[in-house]
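Data first, discussion second: the structure below is written as structure tokens.
Bear in mind these aren't lab numbers, they're just calculated from the coordinates by the rules spelled out. Note that the structure is a prediction, hence the values are computed from the model and not measured. FYI the Cβ positions are ideal-geometry reconstructions off the backbone, even for glycines, and counts take in every protein chain you see.
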Amino acid sequence: MRRLGGEKVLCLRLPNDEYLAFDAVCKERGYSKTGKVRELIRGLVKEELQSVKLSAAEWRRIEAGIKEIARGEYATYGELKSEIRKKKMDYNKNRK
């Protein structure tokens, strides 16, 4: 079972030259830009998380999230977009 709404959207702005270079590397290697950014973030988190001071509750949520991902309990970007679109339509319908 996949839970929608458990993901956050990250908007990233890059200088044009950095974007073009990143885009070129991704195209050359066959990487998805989104997938590569996720991979880079996960690598950073694995390296740095142990030194970050978190509460016990935050650690439990992180560990639970990691287990959900390992079980395949996550939403794809397309599913998330569809759910957001549906919620917007429901919200607009209820406003009238």
**Study point:** Correct choice for semi-axes √(5λ) of the Cα gyration tensor in Å that was computed from the model, options [x] 30, 15, 11; [y] 20, 17, 12; [z] 27, 24, 14
**Key:** [z]
Check your understanding: To the nearest 500 deg cm²/dmol, what mean residue ellipticity at 222 nm is calculated for the chain from DSSP H runs of n ≥ 4 alone, each contributing -39,500 (n - 2.57), summed and divided by the residues?
Key -> -22000 deg cm²/dmol
Revision key, fill the gap. Note on the range 35-79: alpha-carbon gyration tensor, axes a ≥ b ≥ c; rule is a/c under 1.5 for rounded, else prolate if a/b larger than b/c, else oblate; result oblate
Point to revise | Extension reserve of the residue 20-residue 53 stretch, reckoned as 0.36 nm per residue once the Cα distance is removed | key: 8.3 nm
Exercise for review: Return the lysines within reach of residue 86: Cα separation strictly under 25 angstrom, same-chain partners fewer than 8 residues apart disregarded; answer none if there are no such residues.
Suggested key: 8, 96
**Study point:** Neighbour net charge for residue 88 - beta-carbon separation under 13 angstrom, K R +1, D E -1
**Key:** +4
